[in-house]
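Structure first, commentary second.
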């Protein structure tokens, strides 16, 4: 009986969070025209800088290391085969690891920061002060963050894929007689526009999910600052869970 009660309660809470997240997303996108206002654009640019530009070096390094690992493992199993290497790189990096790894990096960096920042503003009544001054918090705080993170994840996923493929092929060409150009031809022989499009669509959806969930849980803080660690943890866990679910759904629908 206790197990049934806990499962039922968990499902109800999850449904409430899903409904609240969706409502927040709709309300935020409804204010997208506010981007023409300079202070709102400034929030957008700052979010893109923090989430996207500041993470470029880390994403490139991780991408290169992932590419090297994949190339090394493939070579240990079947030897250096340009076509097979290109096929495996496309399957692993473009289809899955690119969008997924970038989403995890953004969750670790930006999800926690946004949830904590908005939670702190809510606890300190800064959001109430904005409302008193006639400033819509959805237009000024939420919408620019959603757009900024979504654009950043989209950009970083593309950057990650290029770094992983280029890094892996460069290392492979250094230790074999196969030229970098020949290996690159192997990649392009199996890479399709459809695969790239699915990868970028995944990235955009992941960005929307991560940003909306982060803002939703940050704004759930009521008055106590002790709630901030709780909502931050919940934002991270739910973002990871939802991203993995949507990753599986999109992969199944697109490639199976």
For segment 1-73 and segment 190-216, what is the separation of their Cα centres, given in Å?
-> 10 Å
May I ask for the angle, rounded to the nearest 10°, between helix 193-218 and the longest principal axis of the chain, with both axes built from Cα atoms and the value confined to 0 to 90°?
-> 30 degrees
Sites residue 224 and residue 56, calculated FRET efficiency, Cβ-Cβ separation with R0 41 Å, nearest 0.05 = 0.65
How far apart, in nm, are the 7 Å Cα→Cβ label points at residue 91 and residue 188?
-> 2.3 nm
Listed residues 170, 131, 62; largest mean-square fluctuation, Gaussian network over the chain with Cα springs below 10 Å, found at 131
Label model pair residue 30, residue 135: point-to-point distance (7 angstrom along the Cα→beta-carbon line) in nm is 2.1 nm
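Residue separation times 0.36 nm, minus the C-alpha to C-alpha distance between residue 241 and residue 196: what's the value? Don't skip to the answer; put the middle values down first.
Working: separation 45, 0.36 × 45 = 16.20 nm, distance 2.37 nm.
My answer for the length gained is 13.8 nm.
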Take every Cα pair under 8 Å in the chain that's 6+ residues apart, average their separations, divide by the length, and report that relative contact order as a whole percent.
-> 33 percent
Given springs between every Cα pair under 10 Å in a Gaussian network model of the chain, which of 203, 172, 189 has the largest fluctuation?
-> 189
Build a GNM of the chain with springs between Cα atoms under 10 Å: which of 98, 134, 20 gets the top mean-square fluctuation?
-> 134
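If packing is taken as the average number of other Cβ atoms within 10 Å across a peptide's residues, how do 28-38, 157-167 rank, most packed first? Write down the numbers at each step before the final one.
Details: 28-38: 13.8, 157-167: 23.2.
Listed from highest to lowest mean packing, they are 157-167, 28-38.
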Once both axes come from the Cα atoms, what is the angle between helix 112-123 and the longest principal axis of the chain, in degrees from 0 to 90, rounded to 10?
-> 0 degrees
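If neighbour count is taken as other Cβ atoms inside 10 Å, put 173, 239, 14 in order from fewest to most. Present the calculation step by step, with values, prior to reporting the outcome.
Details: 173 19, 239 27, 14 12.
If I rank by nearby Cβ atoms, fewest first, I get 14, 173, 239.
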So how tilted is helix 227-255 from the main axis of the chain? Cα-based, degrees 0 to 90, rounded to 10.
-> 40 degrees
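Read-outs throughout are calculated quantities, based only on the coordinates presented, and are distinct from any laboratory measurement. Keep in mind that what you see is a predicted model, and the values were worked out from it rather than measured. Note that each Cβ is placed from the backbone with ideal geometry, even for glycine, and that neighbours are counted across all protein chains shown.
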